[in-house]
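Input: a single structure, listed below in structure tokens.
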């Protein structure tokens, strides 16, 4: 859900492996470990390439809530970041408690959560079948990974438990390839301005709209 919003704000093409909730089963359980981050290159068959960084910001919050941030930099476009306070998986709009947008050169803006809830249309039809295709070794610039291979319609997904958040190493369909270029289990930092909304961002309370 977060990534669908940020890609729309950036004017960039959607990345179905992140933005289609029907692929949640293939991506696996989301692990919101504070400080963990991943970075991907989005390489379309045609059009501008893009980098996408996703991070769970510390410190840990009560009751399993957490701040999730995604930032994009696409060729020929300004950098765009979104941050949301969540209680639960990020693929469900009803889990959003607060939502911020930050575009390069502008001040961060808090968006009405009700609008995000309303914009999230439920997926049509039953979830697609997830086929398990065994394992495969991948050697990338980010490291070597022994991956579970899954096929969901025309998308092939490579997952490894070494990689935080969803475990995604690579996703490939006829239109584009999404490939891991960096990750860590700690050290995530926000791209929002220093001191931004410092009064209540630390605990994320009392501002759901």
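None of the figures in this text is laboratory data; all of them are computed from the coordinates on show. Quick caveat: nothing in here was measured; it's all calculated off a predicted structure. Because the Cβ atoms are built from the backbone with ideal geometry, glycine has one as well, and the counts that use them run over all protein chains shown.
Assorted remarks:
- Nearest-0.05 FRET efficiency for residue 140 and residue 87, computed from C-beta distance (R0 45 Å): 0.85
- Counting neighbouring Cβ atoms within 10 Å and putting the fewest first, the residues 129, 162 line up as 129, 162.
- The modelled label-to-label distance for the pair residue 132/residue 175, using points 7 Å beyond Cα in the direction of Cβ, is 2.9 nm.
- Remark: 158, 145, 196, 30 ranked as 196, 30, 145, 158, counting other beta-carbon atoms within 10 Å and listing the fewest first.
- The modelled label-to-label distance for the pair residue 110/residue 186, using points 7 Å beyond Cα in the direction of Cβ, is 3.2 nm.
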